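*Asks:* Quick one: this structure, given as structure tokens, is what I'll be asking you about.
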Amino acid sequence: MARYAREVAVVAFAQSDHLRRTDELSEVEMVMPVLHQVLAATGLKAGEIGFTCSGSSDYLAGRAFSFTMTLDGVGAWPPISESHVEMDGAWALYEAWVKIQTGEADTALVYSYGKSSPGSVRDVLTRQLDPYYVAPLWPDAVALAALQAQALIDAGETDESALAAVGARSRADAEGNPHAQLRGPVPQGDYQVRPLRTGDCPPVGDGVAAVVLAAGDLARQLCERPAWITGIDHRIEAHSLGLRDLTDSPSTRLAAEHAGVFEAPVDTAELHAPFSSQEVVLRKALGLADDVTVNPSGGALAAHPMMAAGLIRIGEAAARIHRGASRRAVAHATSGPCLQQNLVAVLEGDAR
Amino acid sequence: MSKEPVAIVGIGQTKHVAARHDVSIAGLVREAAARALADAELTWADIDAVVIGKAPDFFEGVMMPELYLADALGAVGKPMLRVHTAGSVGGSTALVASNLVAARVHRTVLTLAFEKQSESNAMWGLSLPVPFQQPLLAGAGGFFAPHVRAYMRRTGAPDTVGSLVAYKDRRNALKNPYAHLHEHDITLEKVQASPMLWDPIRYSETCPSSDGACAMVLTDRAGAARSPKPAAWVHGGAMRSEPTLFAGKDFVSPQAGKDCAADVYHQAGITDPRREIDAVEMYVPFSWYEPMWLENLGFAAEGEGWKLTEAGVTELDGDLPVNPSGGVLSTNPIGASGMIRFAEAALQVRGQAGEHQVPGARRALGHAYGGGAQFFAMWLVGAEEPTS
């Protein structure tokens, strides 16, 4: 008996080119081409999709109800069954997957997007923190990640040269990813906040991702090699950094257990690690063997559109299965400071 | 495939007020969640997942507050989802939670929605200037007033109907200990004499701005069997969305609302909502939306909704009570308002609505809408376990 009532697969994935700025584009203009592309890959029209779910953040858009405008890009007429999470699109995919599990939908369109370029995303993310005691101090996202990186170094789990190697490997791998923002031999750069250098931190940029899910035989009809979601789970940890061991990610490990990651080896891991040091934490939590291909897309160090970067990890893992380059992959998404909340999905191709 | 039946076994609300200076945001949500758990006679350890909703983050100034609220809601080590579908979010949040149980992904789920509007200023939160986009026309009332006027012109409804709704809902609120506005000296004349804000909407025909939270515990059939109090059962639930602005959109009676209601009735086996539904908790932030939604939801023919209101059908002792709790007109913590509708519908069929109980209510509708009347979320709950 399968873990869940229905077999559900990622049958299509599309993403924009991720760019440092997109001043000339509204969010609707950014989203629309990617939606058209992902739907075209399946031959489905927006009106034929059973459920639509998106992820985004008003704080990046700088206005309330920002997603209401983006919905216009979907072409929701006649009216559609639709929802939105104020989270990374990976969680929108989770909501859509649950919807398909209820039997109320057989297909789902999932999309997410973010424009970080209009503001200072380091400062914007500070508004995620405890609003009474922490946020007023404005500790920014890079400073918090640096705290985690230093904790890892102090614990002997990594060092600065190992972190630099993560960044270099990511951008070298991104050479093969035409959508990536940073590609090739980009220097590690100066310290942003010690011990993190520019190359240890994600680029600031704008981008969109979209995925189509389908159930059972329909997935087989829509895609030659569907990427079956054989397990998916997400867990959150305490918010206060003082309550957590920053060198570990128990929520990732727990989500991985529930998603079945440890039941068989994986050959690919797409990890949402915006900072090089976080890859160290995630590799340990997921127990990845040395021969696992990690972030062949270049990962979040090569392109990090906020709110879409997690969904991209699922999409990239699925795309490798679609291409026949992976048999069993793990995809991971994160939210919050220092890996507070983590989602883990196992994607598998049909046995061949 | 069969879905797991979903039962509501715990409901908790805060006393809604203009400003809860005595608690933090975390304190506010924990209060509602703790009450829902107490109602279900369960503990934090019994909860498998948490689904939280609220309207825009700018209303409190906290980006993605589920991160900060994880501890307060006992979510550490558990899955936590944050839903945001504008004003309909409280309803959508409950539906997402319900789907987790229906899909047998989790057995017992805590769902909660809140708004602590006193932390900031909702008007400013909605009015952040964005280049080349239309501003929201001085708050929600400015956006919706022309649509109310269109309804009046289209149906020939006399301009007294709106005040009847406000008078009824404010009187109903006096029977609900959690309602924000308790206007003990309310009279129809006072409503009618209140200042005109956005013609034809008067001050007393608008919702207040509240701090508040609402929580529910949803569980499967086995969980319901252990429940010490009667459960409410989900007989149908749906969401529908349509674009904000486009040629051909009917702002008076949006197609998405009609489709959403039709889907819910179909799931619940309802063919004549006017006869088969015993109570309605309807999202009415401006009084005229009661007759408008009566038509949109299929309780009255097009152009006839105001006649039900005028005839007293929607009064607490009428034959289709609408908003026995006092509704959004009496209590509006925006992100929670939809969930309060869903929860009040469940209270009715559990027979737990206290002084505002509709006698013998067996089936009740919870309704929410949001955005530019473009997002709809509804559920129909019953006193008995659904048969299909």
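*Asks:* Spot the failing condition for B:VAL62; the list is (1) modelled with pLDDT of 95 or more; (2) at the interface with chain A (Cβ under 8 Å from one of its Cβ atoms); (3) in a helix (DSSP H, G or I), and only one is missed.
*Replies:* (3)
*Asks:* A further question on this structure: Could you please find all residues in region B:241-263 being within 9 Å of chain A (Cβ to nearest Cβ) and aromatic (Phe, Trp, Tyr)?
*Replies:* B:PHE246
*Asks:* Name the one entry in A:ALA325, A:ALA300, A:ALA318 that is away from chain B (no Cβ under 14 Å), modelled with pLDDT of 95 or more and in contact with a Phe, Trp or Tyr (Cβ under 6 Å, 6 or more places away or on another chain).
*Replies:* Exactly one residue qualifies, and that residue is A:ALA318.
*Asks:* Scan region B:308-319 for residues that are in contact with an Asp or Glu (Cβ under 8 Å, 6 or more places away or on another chain) and not hydroxyl-bearing (Ser, Thr, Tyr) and jot them down.
*Replies:* Scanning region B:308-319 gives a single hit, B:VAL313.
*Asks:* Another question about this same structure. Sort out which residues of region A:272-291 are assigned to a loop (DSSP other than H, G, I, E, B) and under 22 Å from A:VAL204 (Cβ atoms), and write them in order of number.
*Replies:* A:HIS272, A:ALA273, A:PRO274, A:PHE275
*Asks:* Let me ask something else. Being aliphatic (A, V, I, L, M) and within 25 Å of B:LYS116 (Cα to Cα) is the filter; apply it to region B:338-363 and report the residue that is nearest to the other protein chains (Cβ to nearest Cβ).
*Replies:* Per the stated criteria, the residue is B:MET339.
*Asks:* Here's another thing I want to ask about it. So A:VAL142 clears everything in (1) surrounded by fewer than 23 Cβ atoms within 10 Å (Cβ to Cβ); (2) β-branched (Val, Ile, Thr); (3) touching a residue at least 40 places away in the same chain (Cβ under 8 Å); (4) within 12 Å of another protein chain (Cβ to nearest Cβ) except one condition, right? Which one?
*Replies:* Unmet for A:VAL142, out of (1) surrounded by fewer than 23 Cβ atoms within 10 Å (Cβ to Cβ); (2) β-branched (Val, Ile, Thr); (3) touching a residue at least 40 places away in the same chain (Cβ under 8 Å); (4) within 12 Å of another protein chain (Cβ to nearest Cβ): (4).
*Asks:* Mind checking whether some residue in region A:73-87 is touching a Gly at 6+ places or on another chain (Cβ under 6 Å) and in contact (Cβ under 8 Å) with a residue 40 or more places away in the chain?
*Replies:* Scanning region A:73-87 turns up at least one residue that is touching a Gly at 6+ places or on another chain (Cβ under 6 Å) and in contact (Cβ under 8 Å) with a residue 40 or more places away in the chain.
*Asks:* Anything in region B:266-320 that is among the charged types (D, E, K, R) and under 21 Å from B:HIS356 (Cα atoms)? List them, or say none.
*Replies:* B:ARG274, B:ARG275, B:GLU276, B:ASP278, B:GLU281, B:GLU290, B:GLU310, B:GLU315, B:ASP317, B:ASP319
*Asks:* Going through region A:239-252 one residue at a time, which ones are facing another protein chain (nearest Cβ under 9 Å) and closer than 18 Å to A:MET87 by Cβ?
*Replies:* Listed by number, the residues that qualify are A:HIS239, A:SER251.
*Asks:* Still on this structure, please answer the following. Considering only region A:93-116, I want to know if a residue exists there that is among the β-branched types (Val, Ile, Thr), assigned to a helix (DSSP H, G or I) and within 20 Å of the chain's Cα centre (by Cα).
*Replies:* For region A:93-116, residues among the β-branched types (Val, Ile, Thr), assigned to a helix (DSSP H, G or I) and within 20 Å of the chain's Cα centre (by Cα): present.
*Asks:* Here is a further query. So which residues in region B:24-59 are of a type outside the set (A, V, I, L, M, F, W, C) and within 8 Å of chain A (Cβ to nearest Cβ)?
*Replies:* Passing the criteria: B:SER24, B:PRO56, B:ASP57.
*Asks:* Also, I was wondering about something else. Just checking, how many residues over region A:123-139 are assigned to a helix (DSSP H, G or I), closer than 17 Å to A:LEU339 by Cβ and more than 9 Å from chain B (Cβ to nearest Cβ)?
*Replies:* Final tally of qualifying residues: 0.
*Asks:* Okay, moving on. Checking A:TYR59 against (1) more than 9 Å from chain B (Cβ to nearest Cβ); (2) buried (at least 22 other Cβ atoms within 10 Å of the Cβ); (3) hydroxyl-bearing (Ser, Thr, Tyr), which test does it fail?
*Replies:* For A:TYR59, the exception is condition (1).
*Asks:* Got a sec? Which of B:ALA33, B:ALA40, B:ALA19, B:ALA113 is farther than 18 Å from A:LEU129 by Cα, touching a Cys at 6+ places or on another chain (Cβ under 9 Å) and touching a residue at least 24 places away in the same chain (Cβ under 8 Å)?
*Replies:* After ruling out the rest, the residue left standing is B:ALA113.
*Asks:* Moving on to the next point. One residue is enough: does region A:42-55 have a residue meeting the conditions under 30 Å from B:TRP124 (Cβ atoms), part of a helix (DSSP H, G or I) and either of a type outside the set (Asp, Glu) or more than 9 Å from every other protein chain (Cβ to nearest Cβ) (or both)?
*Replies:* Within region A:42-55, none of the residues are under 30 Å from B:TRP124 (Cβ atoms), part of a helix (DSSP H, G or I) and either of a type outside the set (Asp, Glu) or more than 9 Å from every other protein chain (Cβ to nearest Cβ) (or both).
*Asks:* Moving to a separate point now. Just to check your reading of the model, which residue among B:GLY335, B:GLY366, B:GLY327 is of a type in the set (Gly, Ala, Ser), buried (at least 22 other Cβ atoms within 10 Å of the Cβ) and either within 14 Å of chain A (Cβ to nearest Cβ) or touching a Cys at 6+ places or on another chain (Cβ under 6 Å) (or both)?
*Replies:* None of the others qualify; the one that does is B:GLY335.
*Asks:* Another question, then. For region B:279-297, give me each residue that is in contact with an Asp or Glu (Cβ under 9 Å, 6 or more places away or on another chain) and not polar (S, T, N, Q).
*Replies:* Passing the criteria: B:ALA279, B:GLU281, B:MET282, B:VAL284, B:PHE286, B:TRP288, B:GLU290, B:PRO291, B:LEU294, B:GLU295.
*Asks:* A follow-up question, please. Quick check, is B:ARG240 under 24 Å from B:VAL83 (Cβ atoms) and of a type in the set (Lys, Arg)?
*Replies:* When the stated conditions are applied, B:ARG240 passes them.
*Asks:* Which ones in region A:214-243 are in a loop (DSSP other than H, G, I, E, B) and touching a Ser or Thr at 6+ places or on another chain (Cβ under 8 Å)?
*Replies:* Correct list: A:CYS223, A:GLU237.
Condition check ((1) assigned to a strand (DSSP E or B); (2) away from chain B (no Cβ under 13 Å)) across all residues:
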site	(1), (2)
A:ARG3	no, no
A:VAL10	yes, yes
A:PHE13	yes, yes
A:LEU25	no, no
A:GLU29	no, no
A:MET32	no, no
A:VAL38	no, yes
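*Asks:* I've got another one for you. Just need a number here: residues in region B:165-208 that are over 17 Å from the mean Cα position of the chain (by Cα), crowded, with 18+ Cβ neighbours inside 10 Å and hydroxyl-bearing (Ser, Thr, Tyr).
*Replies:* 2
*Asks:* Evaluate region B:70-77: report whether one residue or more is under 17 Å from A:GLN128 (Cβ atoms), over 22 Å from the mean Cα position of the chain (by Cα), more than 8 Å from chain A (Cβ to nearest Cβ) and modelled with pLDDT of 95 or more.
*Replies:* Among the residues of region B:70-77, at least one is under 17 Å from A:GLN128 (Cβ atoms), over 22 Å from the mean Cα position of the chain (by Cα), more than 8 Å from chain A (Cβ to nearest Cβ) and modelled with pLDDT of 95 or more, which makes the answer yes.
*Asks:* Can you tell me which residues in region A:253-268 are more than 12 Å from every other protein chain (Cβ to nearest Cβ) and assigned to a helix (DSSP H, G or I)?
*Replies:* A:ALA256, A:VAL261, A:PHE262, A:GLU263
*Asks:* Follow-up question, since we're still on this one. Any idea which of B:VAL217, B:VAL234 is surrounded by 24 or more Cβ atoms within 10 Å (Cβ to Cβ) and within 14 Å of another protein chain (Cβ to nearest Cβ)?
*Replies:* B:VAL234
*Asks:* Still on this structure, please answer the following. Any residue at all in region B:314-335 that's of a type in the set (A, V, I, L, M, F, W, C) and in contact with a Gly (Cβ under 7 Å, 6 or more places away or on another chain)?
*Replies:* Among the residues of region B:314-335, at least one is of a type in the set (A, V, I, L, M, F, W, C) and in contact with a Gly (Cβ under 7 Å, 6 or more places away or on another chain), which makes the answer yes.
*Asks:* Counting only residues that are of a type in the set (Asp, Glu) and closer than 26 Å to B:LYS54 by Cα, give me the helices (runs of 4 or more DSSP H) lying completely in region B:188-301 with at least 1 of them.
*Replies:* Of the helices (runs of 4 or more DSSP H) lying wholly inside region B:188-301, those with at least 1 residues that are of a type in the set (Asp, Glu) and closer than 26 Å to B:LYS54 by Cα span B:255-268, B:289-296.
The values are calculated or read from the model by the stated rules, or taken from the named source; none is laboratory data. Every value quoted in this text rests on a predicted model; they were computed, and no experiment measured them. For neighbour counting, all protein chains shown are included, and Cβ atoms are generated from backbone atoms with ideal geometry for every residue, glycine included.
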